[in-house]
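Q: Let me begin by handing over the structure; questions about it come next.
The values are calculated or read from the model by the stated rules, or taken from the named source; none is laboratory data. Note that the structure is a prediction, hence the values are computed from the model and not measured. Every residue, glycine among them, receives a Cβ derived from its backbone with ideal geometry; neighbour counts consider all protein chains shown. Surface accessibility is based on the protein's heavy atoms, side chains included, excluding ligands, DNA and RNA. Shrake-Rupley method; radii C 1.70, N 1.55, O 1.52, S 1.80 Å.
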Amino acid sequence: MRDVVTIVDVAKAAGVSPATVTHTLNGKRPVGEATRRKVLEAIEQLGYVPSWNASRMKRGNSGIIGCLAADITETFVNQIVRGIEHGLSGGQYSLFFVSGVEFGNDLKKAYNFLKSHKVEGILFCHHIPVWKEFNLDTQNPDIPIVSINMAAQEMTSVVVDNTTGGYQAAEHLYGCGMRHPAMICGPEDRLSVQDRLKGFSQRVKELNLQMPKDGYYGNYDFSHGFDAAEQLMKDYPQTDGIFCANDYIAAGAISALQKMNIHIPNQVRVVGFDNRDFSEFWNTPITTFELPLQEMGMLGVSLLKQVIHTGNYSKTQHVLQSKLIPRKSSKG
């Protein structure tokens, strides 16, 4: 079994002191370029891996940032975590990720598990207000929390401006010829759904258009989009523009409209949200909105590191914008 390479081994190979190796790695004190090259060459030759945790533990810190999400298989979580990883790349922190699925969807248990591992801060990647389920110790300055993808009054949060997204969806559909708008919503209790409906309805009202009062609420899935579109066209056959709360719903709506021999986009224009992987390749490519998920992850971890370093925790909300991606479903 190969012996663990230590900082002393690196110093010996480079012909410098262990302190010089440390200064080369952390950059806290200047090191000459020639010396720096010798140290880095020794590190590469020996395969030395710096133990940031060891040095931090001496100061009473773990060097670990916790991340909790309900389900890692959700696309938005994957992208946010990728952004978090970019934000931590090359730094002195390690990421400790847990999923609610690991704990039988008991998020309180998952949260306490992270706390027990002495993390220096926690990132919540979530789409529902988990802090309503249990006390997150948001007043505890020792474990700062940043919420990503969900607004939170009691903590720093990074969110997408879903209201503006809905507003822009109505504006885009109107520009494409829509005069009889409708929206197929997702779950009624989702704030993202409420905000997208709010923005869409606001612009529709400003344009002096009328839309059904029924939000056609349901799951964020294909089946709901299909069934809701069938019902919508039965209830309001004059509908010529549909904003769907996400791309799965939009895909279902498009399939239902095609089954009814309704041409897209000449007769009915459709816009989704989230820019899922399949959206560009659907039989009618779906106009949608791309969320700045990786940017949200990078900003979230940056804010968390700032709190850890300064000790100053401000309960502020950082809002990022989504990007409209026009495709054939709304504009031929």
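Q: I'd like to verify a number: residues in region 197-232 that are part of a helix (DSSP H, G or I) and either of a type in the set (Phe, Trp, Tyr) or open to solvent by less than 20 Å² (accessible area, probe 1.4 Å) (or both), how many?
A: 9
Q: Please go through region 68-84 and give me each residue that is in contact with a Gly (Cβ under 8 Å, 6 or more places away or on another chain), surrounded by fewer than 19 Cβ atoms within 10 Å (Cβ to Cβ) and under 20 Å from residue 115 (Cα atoms), ordered by number.
A: Within region 68-84, just 71 meets the criteria.
Q: A further question on this structure: What number of residues within region 185-196 satisfy the criterion of being open to solvent by 40 Å² or more (accessible area, probe 1.4 Å), farther than 18 Å from residue 214 by Cβ and touching a residue at least 60 places away in the same chain (Cβ under 8 Å)?
A: Qualifying residue count, region 185-196: 1.
Q: Also: Among the listed residues 77, 119, 81, which satisfies the condition of being farther than 30 Å from residue 246 by Cα and either in contact with a Lys or Arg (Cβ under 6 Å, 6 or more places away or on another chain) or touching a residue at least 12 places away in the same chain (Cβ under 8 Å) (or both)?
A: 119
Q: Any chance you could count how many residues in region 233-250 are among the small types (Gly, Ala, Ser) and in a helix (DSSP H, G or I)?
A: Number satisfying all stated conditions: 1.
Q: Having 2 or more residues that are modelled with pLDDT under 70 is the bar; report the helices (runs of 4 or more DSSP H) wholly within region 1-81 that clear it.
A: Per the criteria, 52-58.
Q: Of everything in region 85-103, what is surrounded by fewer than 18 Cβ atoms within 10 Å (Cβ to Cβ) and among the hydroxyl-bearing types (Ser, Thr, Tyr)? Give them in sequence order.
A: Selection gives 89, 94.
Q: Here is a list: 201, 302. Which entry is under 27 Å from the mean Cα position of the chain (by Cα) and modelled with pLDDT under 95?
A: Answer to the check: 302.
Q: Quick check on region 104-120: of everything there that is over 12 Å from residue 64 (Cα atoms) and part of a loop (DSSP other than H, G, I, E, B), which residue is most open to solvent (accessible area, probe 1.4 Å)?
A: Among residues in region 104-120 that are over 12 Å from residue 64 (Cα atoms) and part of a loop (DSSP other than H, G, I, E, B), the one most open to solvent (accessible area, probe 1.4 Å) is 105.
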